[in-house]
Each structure stands twice: as structure tokens, then as C-alpha cells.
Amino acid sequence: MAGDARAAIGAFVSIFGKMTMERGGAGGPFFRGVEGMYPLSNGNRFSSRGSIIEVFARIDCIDIPRIMLNPPELPKRRYDGKIADSDRWFTFSPRAGDVVVSTPPKSGTTWTQAILALLISGDPAVDAEISRKAPWIDVTSPEQDGIITALNAQTGRRQVKTHTPLDGIPLWSDLRYITVFRHPIDVHFSFRRHVENMTEEVLQEVFPRDIQAGFHLFLEGDHRDGASLISIVDHYRSVLALGNRDNVLCLHYADMTRDLTSAVARIAEHISLTHPAAVMETLVEAARFSNMKRNAERFAVLARQGFWRNDADFFDSATSGKWVGRLSDADLAAYEARMAELLSPEERHWLEYGSSGLVRSG
């Protein structure tokens, strides 16, 4: 291990040392000593397979920050589909302090990532560029190699997203995880609106034009790509099974809409970022759904790329009860019966409405 450490330190100095000294020694951007800023996280990094590696070295006036990345808990299940493949997590090079947003689709993913972009930058006018700066790690995209390369080139605090449940991805104790859930029927109707806004036909097989037919596919199907009910519940169960872990924060969409100020404060505390109260107020205002909709070019996923008929419609309404007047009593009875099979009353209540406090058993 000592040889590996010497080699890595040598590589570190050869690549970044000259740049840093030219910028005034230890004041350069790679040597701030801030937790989570570790430029050794790509090709020139320590491998922590099976052991904890801690290095603290001083060369001339350069303090090399301690590298401490524990080996992860490996995935317990494999999830794949047409759109995502959880095996792609093995291309990810983590850094201590990285933030992973893991949610079912249409449950507040982009909203949470926008809040993170605002908190990390401290700038209410930040161009979040979520698709590029906070990428979807396990999407089955032909551009995936480029996505990972760009992520590895980032400096400072990073965030990524996945729609894979937490039992399907590696879990590092040095990373922070955020999950968000929403009433499952709202997820379904929000996803339907999402598909309708796409310029190409995608997922038509699970979102047919007939609303009742699509709803029963949602209730009875086991598809991952279109957020079936079982896929949402599996994601939720994966969080419940972890118990209360300090590095896993669980939010609910309804709570975010009721009290965004508190939600932003919880996220900031979770990732150990603080700003003066006046700055936090501006960040909360920038994170309001209405502002993101007005500034969709900065916040919408794949904005300005012709993927959406209207970028602003990526953000629909941030409301609940989207099924009112669209589903029959028989449809709702079928949903009630299916939920009774899948979750206890307490678990179900939190998944649908939040607020009361999530009870985790792991």
C-alpha cells in the first residue's frame, strides 16, 4: 500500500503541483483542504477495494488532503430496462462528499437536483445544466462514456442521479444520498404528461392514449422504465430496509411543496453546506417551482436540445390529486386493493402524503 501511495502522490504532484504553485501555492483550487475536493478521484486515485486507505502528506507548501473512501456495500439486486442499467454504476469513480439523488421518476428528482445546484454554487442565478453537470449515472445512453469523462473532470462538490433503488447501487459511507417520494398516482399522471411533452414517441407501450388502460398497466405491470406501482414500492422498500442512516436523507414531494424553506434547510444540513440567512432566502426563492418553470432553460433536464415540445412544460404544476375526475371509483378501488397487498397502512400513508415521519426498520 505504501508503494501505491507514493506513486499516487507522485502523480498528483506531477499533474497538479505546477499548476498550483503557479497560482500561488496552497491557495490554488485543488488545495483548499475542503472536504470532498479530491482531485485524485479519476485515473490517479487510490483503489479502496477491501481496505480503507488514508493518506496525509506535505510536499513543500502543498497540503495533500486525506483520502478516506471506505469500500461500498455492494448492490443486492440488479435492475435493468430499456432506459437504465444499474451495472453502469461500476463505471462511476466516487469522491468523498459526492451527493447521489435516488428517486422513482417524476417524484422530485430535478427539483432536488436544482436545490443542490443552488446550494453548492450559492448563486440563485446558477445555470444548473443538470443533464451535463449532475448526470444520470445508469442511463443507457450512447453518450455514457462522455458523461462519465465529463463528471470525472469536475472539481468541487458533485452530484449525480439515478432512478435505481438503493439496493441496486453501491452504497459508500463517505457519500450522501437523498431520496424523494411522491403519491404513486401523482407519479403516474405526471409521467403521462412527461411522455406527452416528448418530441419523440417513447414509452407509448406503458402510456397508451386510453387513461384507464394505462392506469391498469401501472397497477399490474412490473416495468421499470415507466414507473409502475411495484417499481415505486420497490424503491421505497429499499429505503425502509436501510433503517436510519446518517448519510441517507428521505424527503417527500408533498412536504417540499408545503414548506420549501424547511426542505432546503434539511438538504443543506445533510450535505454540510451553510450560507448566510439572506443568501438562503434567495436560494429558496430560486428553487420555487414557479421560478424553475420560468427559467426552464437553466433547470430542465435536456433543455435547449429539442427533446421537449416545450422546455417549460418539463415542470408541470407541482400539484397533487392529478387523478381527480380522471379515474373511476372502480379504478381507485383497484389501487386501494393493490396497495393493501404491498404496504402496511403506516408505510402507505407516508408514501402517499409524507409529513408524519418515516419509520425505517433496517
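The values are calculated or read from the model by the stated rules, or taken from the named source; none is laboratory data. Not measured: the values here are computed from a predicted model. No Cβ is skipped: glycine too gets one built from the backbone with ideal geometry, and neighbour counts run over all protein chains shown.
Yes/no matrix, rows are residues, columns are (1) at pLDDT below 90; (2) buried (at least 21 other Cβ atoms within 10 Å of the Cβ):
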| site | (1), (2) |
| --- | --- |
| MET198 | yes, no |
| PRO208 | yes, no |
| ALA227 | yes, yes |
| HIS235 | no, yes |
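Restricted to the stretch 168-188, and to residues there that are farther than 20 Å from TRP350 by Cα and touching a Pro at 6+ places or on another chain (Cβ under 7 Å), the residue that is surrounded by the most Cβ atoms within 10 Å (Cβ to Cβ) is ILE169. Restricting the search to the stretch 256-272, which residues are surrounded by fewer than 17 Cβ atoms within 10 Å (Cβ to Cβ) and either touching a residue at least 60 places away in the same chain (Cβ under 8 Å) or β-branched (Val, Ile, Thr) (or both)? Passing the criteria: ARG258, THR261, SER272. Might you check whether a residue that is farther than 20 Å from ALA265 by Cβ, of a type in the set (Gly, Ala, Ser) and more than 16 Å from the chain's Cα centre (by Cα) occurs anywhere in the stretch 119-135? Within the stretch 119-135, one or more residues are farther than 20 Å from ALA265 by Cβ, of a type in the set (Gly, Ala, Ser) and more than 16 Å from the chain's Cα centre (by Cα). Every test in (1) in the same structural domain as ASN295 (by TED's automatic domain parsing); (2) within 21 Å of PRO170 (Cα to Cα); (3) at pLDDT below 90; (4) surrounded by 19 or more Cβ atoms within 10 Å (Cβ to Cβ) is passed by THR91 save one, and that test is (4). When ASP311 is tested against (1) farther than 30 Å from ARG209 by Cβ; (2) buried (at least 17 other Cβ atoms within 10 Å of the Cβ); (3) modelled with pLDDT under 70; (4) not hydrophobic (A, V, I, L, M, F, W, C), just one condition goes unmet, and that condition is (1).
On the given criteria, is SER272 among the small types (Gly, Ala, Ser) and part of a helix (DSSP H, G or I)? When the stated conditions are applied, SER272 does not pass them.
Only a single criterion out of (1) at pLDDT 90 or above; (2) within 19 Å of the chain's Cα centre (by Cα); (3) more than 20 Å from ILE83 (Cα to Cα) is not satisfied by ILE185, namely (2). Among the conditions (1) in a helix (DSSP H, G or I); (2) surrounded by fewer than 18 Cβ atoms within 10 Å (Cβ to Cβ); (3) free of Cβ contacts under 8 Å to residues at least 60 places away in the same chain, the only one that ASP246 does not satisfy is (1). Does ALA277 satisfy the condition of being buried (at least 18 other Cβ atoms within 10 Å of the Cβ) and either at pLDDT 80 or above or of a type in the set (Ser, Thr, Tyr) (or both)? For ALA277, the condition - buried (at least 18 other Cβ atoms within 10 Å of the Cβ) and either at pLDDT 80 or above or of a type in the set (Ser, Thr, Tyr) (or both) - is not met.
Exactly one residue out of THR149, THR179 is at negative phi and free of Cβ contacts under 8 Å to residues at least 40 places away in the same chain: that is THR149.
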